[in-house]
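Student: For reference, the structure I am asking about is given below.
The values are calculated or read from the model by the stated rules, or taken from the named source; none is laboratory data. Computed from a prediction, not measured in an experiment: that's the story for all the values here. Please note: Cβ atoms are built from the backbone with ideal geometry, for glycine as well, and neighbour counts cover all protein chains shown. To get the accessible areas, we keep the full protein, side chains included, count just its heavy atoms, and leave off ligands, DNA and RNA. Shrake-Rupley method; radii C 1.70, N 1.55, O 1.52, S 1.80 Å.
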Amino acid sequence: MDARVVIELAGGGDEAAASALAERIGASVVTGGGAAPSDALAVRFDAEGTALVRDGMVLRPDLSAMLPRIRQDRLRRELLVRAARVKGAEAPMAVDATAGLGEDALLLAAAGFEVFLFESDPVIAALLADSLRRASASDAPTLREAAARMRIAGGDSVPGLPALARDLPAPPDVVYLDPMFPERRKSAAVKKKFQLIHHLERPCEDEKALLQAAFTANPRKIVVKRPLKGSALAGVKPSYTLAGKAIRYDVIAR
């Protein structure tokens, strides 16, 4: 983390969750909305859930914003869904080893995958858990049903993936990796989101360890999100690639 983080507990917030996160990251807890110091990155627990706050910017992840993209007529055109598709799998299983705020995992879940999520940053993991909780109670059946196929498996996927693989009755069909890379987005809302998130999490520092953990889980394929002109993850040449305008998905078939 490159910013001082405090936990802000406002009216109606989950006190137990706030205290647990504060203890995990060694942060202080302040009470009352807007009580955090102005130079701090605040994780706010309030009646609406969990949000990230700094300098007047508020990030409260909301998977319902993904509803247009998980419509079946659009979903089948999503590059990630096409890259992850596994022939002959009746109940496909995927692991999102770098889940972030869960948007890519939601695409996979909406496409019928049971998805296990890992997120190493504890603050982002708290935002993800709250967003998933709200999605599970959504009035939109497509979102609610997709969220029911998503479960948070743990934090750091490098040790977590091999452990999960040992506990599963069969290897996952897909392991999905999205090592962070500098975002080039034009939308003000997206810029705001990534301004806050980038205070917390940096791009993957050990690509080889992450990819080796994925191999250890013995999936049928590994799907890696990369910048369009970026190098292959850890220098490993993919079996094939699906490319869009700004990003591509490298697929390592096994």
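Student: Pulled fully out, how much extra length does the chain show between residue 77 and residue 20, if you take 0.36 nm times their separation in residues and subtract their Cα-Cα distance?
Tutor: 16.5 nm
Student: Here is a follow-up. For residue 170 and residue 195, calculate 0.36 nm times their separation in residues minus their Cα-Cα distance, and state this gained length in nm to one decimal.
Tutor: In short, 5.1 nm is gained.
Student: Run the helix sum for the chain: -39,500 (n - 2.57) per DSSP H stretch of 4+ residues, divided by residue count, reported at 222 nm to the nearest 500 deg cm²/dmol.
Tutor: -9000 deg cm²/dmol
Student: A follow-up question, please. How large is the accessible surface per residue of the chain, computed with a 1.4 Å probe and reported in Å² as a whole number?
Tutor: 49 Å²
Student: Run the count for the chain, please: Lys pairs, Cα-Cα under 22 angstrom, 8 or more apart or on different chains.
Tutor: 22
Student: Further question on the same structure: Which one of 154, 164, 72 has its Cα pushed farthest toward the positive end of the charge dipole of the chain, where Lys and Arg give +1 and Asp and Glu give -1 at the Cβ?
Tutor: 72
Student: Follow-up question, since we're still on this one. Please list 99-109, 153-163, 55-65 highest first by mean number of surrounding beta-carbon atoms within 10 Å per residue.
Tutor: 99-109, 153-163, 55-65
Student: How high is the relative contact order of the chain? Use alpha-carbon pairs under 8 Å, at least six apart in sequence, and give a whole percent.
Tutor: Relative CO of the chain lands at 16 percent.
Student: Mind telling me which of 117, 132, 164 comes out most flexible in a GNM of the chain, alpha-carbon contacts under 10 Å?
Tutor: 164
Student: If you place +1 on the Cβ of every Lys and Arg and -1 on the Cβ of every Asp and Glu, how big does the dipole about the Cα centre of the chain come out, in debye to the nearest 20?
Tutor: My answer is approximately 1420 debye.
Student: With charges set only on the Cβ (+1 for Lys and Arg, -1 for Asp and Glu), what does the dipole of the range 1-106 come to about its Cα centre, in debye to the nearest 20?
Tutor: Dipole size: approximately 700 debye.
Student: Another question about this same structure. When the accessible area of the chain is split by element with a 1.4 Å probe, what percent falls to carbon and sulfur?
Tutor: Using a 1.4 Å probe with all protein chains present, the chain comes out at 50 percent carbon and sulfur.
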